[in-house]
There are 2 protein chains.
Amino acid sequence: MKRIVQKYGGTSVGSVERIRHVASRIEKAAGEDQQVVVVVSAMGKSTDELVRLAGQLTESPSKREMDMLLSTGEQVTIALLALALAERGVEAISFTGWQAGIETEDNHGNARIVSIETERMEAELEKGKVVIVAGFQGKSSKNDITTLGRGGSDTTAVALAAALSADRCEIYTDVTGVFTTDPRYVPQARKLQSISYDEMLEMANLGAGVLHPRAVECAKNYQMPLLVASSMVEEAGTIIEEEITMEKNLLVRGIAFENDVTKITMAGLPSRIDTLAKVFQALSENGINVDIIIQNQTDEAHVDLSFSITQSSLKETLTILENAKAELGFHSLHVEEDLAKVSIIGAGMVSNPGVAASMFDVLAQNEIYIKMVSTSEMKVSVVISEDDMVLAVEMLHQAFQLGEEEEAITA
Amino acid sequence: MKRIVQKYGGTSVGSVERIRHVASRIEKAAGEDQQVVVVVSAMGKSTDELVRLAGQLTESPSKREMDMLLSTGEQVTIALLALALAERGVEAISFTGWQAGIETEDNHGNARIVSIETERMEAELEKGKVVIVAGFQGKSSKNDITTLGRGGSDTTAVALAAALSADRCEIYTDVTGVFTTDPRYVPQARKLQSISYDEMLEMANLGAGVLHPRAVECAKNYQMPLLVASSMVEEAGTIIEEEITMEKNLLVRGIAFENDVTKITMAGLPSRIDTLAKVFQALSENGINVDIIIQNQTDEAHVDLSFSITQSSLKETLTILENAKAELGFHSLHVEEDLAKVSIIGAGMVSNPGVAASMFDVLAQNEIYIKMVSTSEMKVSVVISEDDMVLAVEMLHQAFQLGEEEEAITA
């Protein structure tokens, strides 16, 4: 018998009406002679409300107690969903993270799953029941409740699918799949039928927030096929799996972009072996996330160092660097705000260096000035002015023919 | 070192401000060189809100899933209280029912505590931490979350106190103690310094809703001294314990009363050996709670049977009896509504039969007609017209000198 894991996010279970709708979808899936495991998030804004309550009591909450608090959100959803299924005559049983045997590290607020003891879930599936599991949570070896941090519910679903040897993990969300680029900005954006784990990882890391990279990595590790589709409309989604059996002729599969990028240049840094380490250690110790890094030797004794950060961490970054000015020994800091990062992504890119050149050419033809460049095996990213972002994405989308129908090619 | 268990109910933790106040009280208790365990309920109306959500999904919810749902209420409170304590510099750790090792029967919605594994709580207490436990909940041997039903949080507190060999269990609530009668009706009502378990049981069962009888029974079984006091005002409460070291000269300790009593009389029931069993089986199978029962032989072949129920179960009771009329074979049903029950309570009563006579005399002098009487070792209850209830209580309170100051008598 086939076995699937379905995951419904916070918006999909955001109200009693939505939960009823999800129950009707699960009923349908369970009626197709397959075993169904469902992972759900907390209802809509309920987590925010709990965070607000905690915020009224303390500014520096214990992470263990926040996990205790926030894990109630998913627990409410699993119970309500079980009630909604029972009302439709579908036998279902709900499990918290600890009841589902999800053991994690004891790193509260951001715990990784260590193992899943599937015995009880297996028993209930064999009885023909739909098994509902609270996403985002588990328990540590100390029997403390832990949460998995960002992307936690997606990760729960994929990890459960792997542990239960499911045939597929289905992630239902408020978009209908993975697009060649963000359709809110580029109307020509086209939904992909399938995409590889690595390509999806680049898409996810670059701000196409459909699926958390952690969940994609986990799926890749276990070669678990993922379906990303809408919980609201009936429409084929995007399959994420290892082998791209179709469309392999396309070098560029998608375009990711994000704004709120700020570039900082440190001019006249002494060229010493530990210069870079010192700068980025100081930043990482303060939780500043640095994205693209470019270093340029200006003379024998000095380098210019540029890197990009998010707009929101600018103030703190400047404070940290100014405080370390004596130690680091740079001349001056230059800040460039209101930038954006645009990236083209595709697994075939690695064997075709002409792709980056094509990208630069498209941007040049549209008089878009490139401020930073970063490349990896399957992506090329450029930092440009925020004002040019949408134009750049549209032009690249068109140049790489992403809006055109895919040709089905048999392997 | 002394060890105490404190319990705060839903009103006491009904808001962030209230939780802060409770934290300040716990800080004080923990500063008095004693180990403190705290049991809390769900915040104010949060349980009602969860019940409302479930009610929108189904009219006949699974009890297991309702336990899953409702147990989140206390889990939210324990986490918030731990945060509030940490903010005051008090080291605290919260535990759900299952984490506190509270194992129950798997009778969902109304489970009894079977055992408590105290190891982890003991370890945290030894470290000097305040241990916070979610009331009202536990886990079954199947690892399912259970709730304890009415009076559950009080019972959790008393059971924990027993399992942890605490010196005392303190129940903080919105009243300042146990009164000779309800002060909202009788201004002369006086707070008792102490009362015995059995007297408290009679008071509790008779509608003086300070403390659930289940918790009192548990305390009696383990001879655990209970303090009932206010969480809002600083004022000595009432101690409930086995030996009454003071006030032993008083025969009547308190007066309990409740309205909404309805009397039903079944006239002309055949006088057979199984008549009573049949009637009350039919009622109990339908969840009708019968209080006072009076049977009177009218002739050799027939009896009249009267019993009291609550107003709210009248309609169902009549339906059940009418449906069983052929089988039971009675002539007619008579209903008397708008009645009240008034009871005098005191452990010394058993050795002094004159007390009941004094009660009847007081009522007769005030022209209050007695419709039913029921007696036990430490109480005498009468059913009277609801209109006479407050007068009866006032007159009895005065006649038995309950409003007068207690004399301290050393044993």
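The values are calculated or read from the model by the stated rules, or taken from the named source; none is laboratory data. Quick caveat: nothing in here was measured; it's all calculated off a predicted structure. Neighbour counts are summed over all protein chains in view; Cβ atoms, including those assigned to glycine, are modelled from backbone coordinates with ideal geometry. Only protein heavy atoms, including side chains, enter the accessible area calculation; ligands, DNA and RNA are left aside. Shrake-Rupley method; radii C 1.70, N 1.55, O 1.52, S 1.80 Å.
For the options B:Leu333, B:Leu83, B:Leu164, a Gaussian network treatment of chain B with springs between C-alpha atoms closer than 10 Å singles out B:Leu333 as fluctuating the most.
Build a GNM of chain A with springs between Cα atoms under 10 Å apart, and of A:Ala54, A:Ala157, A:Ala79 the one that fluctuates most is A:Ala54. With a 1.4 Å probe and every protein chain kept in, tell me what percent of the accessible surface of the protein assembly as shown is carbon plus sulfur. That share works out to 47 percent.
The simple spin-label model puts a point 7 Å past each Cα toward its Cβ; for A:Ser284 and B:Ala324 those points are separated by 7.6 nm.
Other residues with beta-carbon under 15 Å from the beta-carbon of A:Arg64 carry, at +1 per Lys or Arg and -1 per Asp or Glu, a net charge of -2. Classify segment A:75-190: rounded, prolate or oblate, from the alpha-carbon gyration tensor (a ≥ b ≥ c, eigenvalue square roots; a/c under 1.5 rounded; otherwise prolate if a/b is larger than b/c)? Oblate is the answer for segment A:75-190, as a/c is 1.5 or above yet b/c matches or exceeds a/b. Between A and B, roughly 3400 Å² of accessible area is buried in total, ligands, DNA and RNA not counted and the probe set to 1.4 Å. With R₀ fixed at 60 Å, the C-beta to C-beta distance from A:Asp174 to B:Asp260 puts the FRET efficiency at about 0.75.
How much area per residue is accessible in segment A:2-174 when the probe is 1.4 Å and only protein heavy atoms are counted (Å²)? It would help to have the intermediate numbers written out before the result.
Numbers: 6140 Å² over 173 residues.
In whole numbers, segment A:2-174 has 35 Å² accessible per residue.
Shown is the FRET efficiency for B:Glu235 and A:Glu17, computed with R0 = 51 Å from the Cβ-Cβ distance and rounded to the nearest 0.05: 0.55. Hydrodynamic analysis of segment B:2-174 uses the Kirkwood radius over alpha carbon pairs. Inserted into Stokes-Einstein at 10 °C and 1.306 mPa s, it gives a translational diffusion coefficient of 100 µm²/s.
Sequence-distant contacts, meaning Cα pairs under 8 Å at least 6 residues apart, place the relative contact order of chain B at 14 percent.
Per residue, segment B:262-411 exposes 52 Å² of accessible surface when a 1.4 Å probe is rolled over the protein heavy atoms with every protein chain present.
Expressed as a whole percent, how much of the Cα-Cα distance distribution for segment B:255-399 exceeds 27 Å? Before the final figure, lay out the partial values.
Values: 2956 of 10440 pairs.
So the pairs more than 27 Å apart make up 28 percent of the total in segment B:255-399.
Comparing the full protein assembly with the isolated chain (1.4 Å probe, heavy atoms, ligands and nucleic acids excluded), the residues of segment B:64-78 losing at least 40 square angstrom of accessible area are B:Arg64, B:Glu65, B:Met68, B:Leu69, B:Thr72, B:Gln75, B:Val76. A compact globular protein would have a Cα radius of gyration near 2.2 N^0.38 Å; the ratio found for the protein assembly as shown is 1.24. Principal axis analysis of the Cα atoms in segment B:177-309 yields extents of 60, 35, 32 Å, listed in decreasing size. Bridgeable lysines around A:Lys263 (alpha carbons under 28 Å apart, same-chain partners fewer than 8 residues away excluded): A:Lys278, A:Lys315, A:Lys325, A:Lys341, A:Lys371, A:Lys379.
Only alpha carbons enter this Debye calculation for chain A, each as an equal point scatterer, and the log10 of I(q)/I(0) it gives at q = 0.08, 0.10, 0.12 Å⁻¹ is -0.51, -0.78, -1.06. Compared with its chain on its own, segment B:129-148 contains the following residues whose accessible area drops by 40 Å² or more in the full protein assembly (probe 1.4 Å; ligands, DNA and RNA excluded): B:Asn143.
Other chains' Cβ within 10 Å of A:54-63 residues: what's the mean? Please report the intermediate quantities before stating the final value.
Numbers: counts 6, 2, 8, 14, 8, 1, 3, 6, 10, 0.
Mean number of neighbouring Cβ atoms from other chains: 6.
When the P(r) is computed for segment A:320-382, the part past 17 Å accounts for 55% of the Cα-Cα pairs. Take each residue in B:9-21, count the other chain C-beta atoms within 10 Å of its C-beta, and the mean is 1.
GNM remark for chain B: springs join alpha carbons under 10 Å apart, and the peak mean-square fluctuation among B:Leu85, B:Leu318, B:Leu201 falls on B:Leu318.
Close amide H pairs (under 5 Å, H built 1.01 Å from N) link B:Arg272 with no residue at least 5 positions away or on another chain. Rounded to the nearest 10 square angstrom, A:Thr265 shows an accessible area of 30 square angstrom against a 1.4 Å probe. Solvent-accessible surface of protein heavy atoms, probed at 1.4 angstrom with all chains present, puts A:Arg168, B:Arg3 in the order A:Arg168, B:Arg3, largest first.
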